[in-house]
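Comments concern the structure below.
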Amino acid sequence: MNKKILLGYAIGPIGSGLLGLLSLPIITWFYSVEDVGRISMLQIFTNFSILFFCLGLDQAYVREYYESTNKPLLLKTLILPGLSLCIFVLISLFIYNPYLISQWLYAIDNVYLSLITIICFMVALLSRFLSLILRMQERALAFSMSQLIPKILLLIFILVTVWAGYSRDSYNLLTANVLSLCFAFFIYAWNTRKDWLLSLKMKIDIQNLKKYLTFGMPLLIGGLASWGLTTVDRLFLRGMTSYSELGIYSVAMSLAGVATIIAGIFNTIWAPLVYKWVSTGDIDFQKIDRISEYVLAAIYFTVVGSGLLSWIVPYFLPHEYERVQILLTLCLIGPLLYTLSETTAIGIAITRKTKFSMYASICAMIVGILGNYLLIPILGASGAAISLAVSFGIFYIIRTEFSRIVWRKMAVGKSYWVIFGLLIIAIQNALLSHDFITRYSIWFFALIIGFYIFRKTISECLKKIRCF
């Protein structure tokens with residue numbers, strides 16, 4: 001992949017992260033903690049709707065793209081089943097009880113909120129497939145701009161609301177979020193019009209659909225388990241505590257999302273790149289192992305760096321969000337370990353034995369449920385963050401071990417010890433009432449240890465940067 005394409009992919013996550021970093025303090029200053037909690041519920045279940053109604057066929061599209069001779073037919077065959085199911089289920093729920101969705105997600109009886117939530121789910125599903133077209137065609141800049149535009153619009157909507165003196169409540173914030181997603185969908189549709197217009201004329205390939213479903217259904221179940229793993233914490237917080245506690249935790253997770261910008265770029269590029277290597281027979285195991293080592297080092301220094309710099313966070317947020325600085329490192333570990341698992345578990349998808357990804361996700365979700373059930377009543381948001389980090393540690397280990405079974409053996413001892421050390425430091429940071437000097441001395445010592453552990457990797461990276 002050349003530098004121009006790589007830079008194009010980087011623009012979207014980096015720009016989205018910076019815009020998120022800019023909009024997050026604005027939202028926390030001008031909207032209540034409860035409103036922040038409600039927007040978190042919309043985002044959680046938007047992700048759920050994408051996972052559920054895709055039926056795992058979005059991953060089948062990525063896996064089969066380079067080996068397909070009729071890509072518009074592939075698109076229609078994979079998008080239509082999930083879209084039909086989505087329309088049927090959501091419209092049926094609305095007819096049955098127009099208040100049901102808004103009551104369950106936001107604890108507000110309102111038809112309007114139910115309706116815009118349904119629109120949000122449908123638009124998000126379509127956008128998922130359309131974005132994959134841009135991603136697989138390596139139209140990096142178009143892919144990135146479609147990510148940036150909704151973030152820009154959301155920020156504009158919020159600033160207009162504040163400037164014009166409109167009511168700042170859940171209705172306003174949820175509407176702004178849905179409108180920004182709809183605009184992004186229209187951009188996706190325009191940029192991919194040649195592909196989906198061609199597909200409209202074609203008849204679904206039923207025979208191949210069965211094969212795609214065989215590949216996708218385990219990923220669907222595994223994806224839902226992964227969704228449960230990443231959202232059960234917020235569901236338990238909502239049920240066992242309050243929207244205020246949920247809002248604090250959601251802000252910590254949002255900040256962690258901004259800090260995982262590079263992970264987002266990597267996740268976008270990695271799987272299609274490896275599948276391309278496989279399709280051409282040009283796969284280098286040593287290259288994959290080196291990349292995994294680089295990702296491990298990046299994760300280590302990102303987590304340690306967040307611990308060293310977390311004292312800055314309270315200066316940008318209202319006083320009620322002060323605990324976010326303690327939760328940040330734990331919230332970072334989960335999504336970063338998912339990225340690391342993408343490098344070690346790629347063999348599961350290559351061999352098409354996707355049931356093993358499903359098993360890993362289910363095991364980790366069970367650990368997450370038990371952890372949240374036991375810790376949230378005692379520790380609140382801190383318990384949720386600890387449970388999330390530990391669950392993803394389990395997820396990484398199980399997924400990696402399955403890949404070693406179905407694909408090839410790889411060295412994992414170093415990564416396991418590094419992850420264990422990060423978990424211990426981050427958990428004690430959240431639980432123990434250290435003074436300022438003690439807390440940051442621990443993180444500084446971890447930084448020095450990291451320079452020693454990854455000294456060879458750091459040297460290689462510096463040489464590559466000079467050549468770049």
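The values are calculated or read from the model by the stated rules, or taken from the named source; none is laboratory data. These numbers were taken from a predicted model, which means no experiment stands behind them. A quick note on method: Cβ atoms are made from the backbone with ideal geometry, for glycine too, and the neighbour counts reach across all protein chains shown. These accessible areas exclude ligands, DNA and RNA; they are computed on the full protein's heavy atoms, side chains included. Shrake-Rupley method; radii C 1.70, N 1.55, O 1.52, S 1.80 Å.
Between L209, L246, L220, L198, which is open to solvent by less than 50 Å² (accessible area, probe 1.4 Å) and either of a type in the set (D, E) or farther than 28 Å from M365 by Cα (or both)?
Going through L209, L246, L220, L198 in turn, just one is open to solvent by less than 50 Å² (accessible area, probe 1.4 Å) and either of a type in the set (D, E) or farther than 28 Å from M365 by Cα (or both): L209.
Which of the residues belonging to segment 1-55 are open to solvent by 40 Å² or more (accessible area, probe 1.4 Å), within 18 Å of the chain's Cα centre (by Cα) and modelled with pLDDT of 70 or more?
I11, I14, L18, Q43, N47, F48, L51, F52
Conditions first: (1) among the polar types (S, T, N, Q); (2) surrounded by 19 or more Cβ atoms within 10 Å (Cβ to Cβ); (3) over 30 Å from V274 (Cα atoms). S144 passes all but one, so which condition is the exception?
(3)
Please give the helices (runs of 4 or more DSSP H) falling wholly within segment 68-137 in which 1 or more residues are touching a Cys at 6+ places or on another chain (Cβ under 8 Å). Step through it out loud before you land on a result.
On the way: elements: 71-96, 100-106, 111-136.
The helices (runs of 4 or more DSSP H) meeting that bar are 71-96, 111-136.
Restrict the check to segment 393-401 and report whether at least one residue is in contact (Cβ under 8 Å) with a residue 60 or more places away in the chain, under 21 Å from S226 (Cβ atoms) and assigned to a helix (DSSP H, G or I).
Yes, some residue in segment 393-401 is in contact (Cβ under 8 Å) with a residue 60 or more places away in the chain, under 21 Å from S226 (Cβ atoms) and assigned to a helix (DSSP H, G or I).
Of all the residues that make up segment 173-195, how many are touching a residue at least 40 places away in the same chain (Cβ under 8 Å), out of contact with any Leu (no Cβ under 7 Å at 6 or more places or on another chain) and open to solvent by 20 Å² or more (accessible area, probe 1.4 Å)? So that I can check it myself, show each step before the final result.
First, the residues of segment 173-195 that are touching a residue at least 40 places away in the same chain (Cβ under 8 Å): 173-175, 177-178, 181-182, 184-185, 187-189, 191-192, 195.
Retained after the next criterion (residues that are out of contact with any Leu (no Cβ under 7 Å at 6 or more places or on another chain)): 173, 175, 178, 181-182, 184, 187.
The next check asks that each one be open to solvent by 20 Å² or more (accessible area, probe 1.4 Å); those that pass are 175, 181-182, 187.
Total satisfying the criteria: 4.
Go through segment 78-88 and give me each residue that's over 25 Å from W277 (Cβ atoms) and not aromatic (F, W, Y).
Of everything in segment 78-88, those that are over 25 Å from W277 (Cβ atoms) and not aromatic (F, W, Y) turn out to be I79, L80, P81, G82, L83, S84, L85, C86, I87.
Of the residues I350, I397, I369, I376, which is among the aliphatic types (A, V, I, L, M), surrounded by fewer than 20 Cβ atoms within 10 Å (Cβ to Cβ) and at pLDDT 85 or above?
It is I369.
Mind telling me which of the residues V278, V274 ends up being farther than 21 Å from F395 by Cα, part of a helix (DSSP H, G or I) and open to solvent by less than 20 Å² (accessible area, probe 1.4 Å)?
Just a single option satisfies the conditions, and that option is V274.
Given the condition out of contact with any helix residue (DSSP H, G or I) (no Cβ under 8 Å at 6 or more places or on another chain), within 22 Å of I398 (Cβ to Cβ) and in a helix (DSSP H, G or I), answer yes or no: does some residue in segment 199-209 qualify?
Looking through segment 199-209, none of the residues is out of contact with any helix residue (DSSP H, G or I) (no Cβ under 8 Å at 6 or more places or on another chain), within 22 Å of I398 (Cβ to Cβ) and in a helix (DSSP H, G or I).
Please pick out the residue among W277, W227 that is among the aromatic types (F, W, Y) and at pLDDT below 80. It would help to see each step written out before you state the result.
Numbers: W277 fails: at pLDDT below 80.
Only one candidate passes the filter, namely W227.
Could you go through segment 158-168 and let me know if any residue there is in a helix (DSSP H, G or I), open to solvent by 60 Å² or more (accessible area, probe 1.4 Å), closer than 17 Å to A10 by Cα and in contact (Cβ under 8 Å) with a residue 24 or more places away in the chain. Can you show your working first?
The first filter runs over segment 158-168 and keeps only residues in a helix (DSSP H, G or I), leaving 158-164.
Narrowing further to those that are open to solvent by 60 Å² or more (accessible area, probe 1.4 Å): 159-160, 163.
Filter again for closer than 17 Å to A10 by Cα, leaving none.
Taking every residue of segment 158-168 in turn, none turns out to be in a helix (DSSP H, G or I), open to solvent by 60 Å² or more (accessible area, probe 1.4 Å), closer than 17 Å to A10 by Cα and in contact (Cβ under 8 Å) with a residue 24 or more places away in the chain.
All but one of (1) open to solvent by 60 Å² or more (accessible area, probe 1.4 Å); (2) in contact with a helix residue (DSSP H, G or I) (Cβ under 9 Å, 6 or more places away or on another chain) hold for I437; which doesn't?
So I437 meets the others, but not (2).
With the structure loaded, tell me whether L51 is aliphatic (A, V, I, L, M) and within 23 Å of K203 (Cβ to Cβ) or whether it fails that test.
No: the conditions fail for L51.
Looking only at segment 435-446, decide whether some residue is within 19 Å of I394 (Cβ to Cβ) and either in contact (Cβ under 8 Å) with a residue 24 or more places away in the chain or in a helix (DSSP H, G or I) (or both).
In the first step, residues of segment 435-446 are kept if they are within 19 Å of I394 (Cβ to Cβ); the result is none.
No: segment 435-446 contains no residue that is within 19 Å of I394 (Cβ to Cβ) and either in contact (Cβ under 8 Å) with a residue 24 or more places away in the chain or in a helix (DSSP H, G or I) (or both).
With β-branched (V, I, T), over 27 Å from S16 (Cα atoms) and in contact with a helix residue (DSSP H, G or I) (Cβ under 7 Å, 6 or more places away or on another chain) as the only criterion, which of V278, V274, V232 stands out?
Just a single option satisfies the conditions, and that option is V278.
Out of the residues in segment 56-95 that are farther than 25 Å from I119 by Cβ and among the aromatic types (F, W, Y), which is least open to solvent (accessible area, probe 1.4 Å)?
The selected residue is Y65.
Check whether at least one residue in segment 301-314 is farther than 30 Å from W29 by Cα, open to solvent by 30 Å² or more (accessible area, probe 1.4 Å), out of contact with any strand residue (DSSP E or B) (no Cβ under 7 Å at 6 or more places or on another chain) and part of a helix (DSSP H, G or I), and report yes or no.
yes
Only one of these is among the polar types (S, T, N, Q) and either touching a residue at least 24 places away in the same chain (Cβ under 8 Å) or not in a helix (DSSP H, G or I) (or both): S415, S459. Name it.
Among S415, S459, only S415 is among the polar types (S, T, N, Q) and either touching a residue at least 24 places away in the same chain (Cβ under 8 Å) or not in a helix (DSSP H, G or I) (or both).
What is the number of the single condition among (1) buried (at least 18 other Cβ atoms within 10 Å of the Cβ); (2) more than 25 Å from E64 (Cβ to Cβ) that G239 does not meet?
The one condition G239 does not meet is (1).
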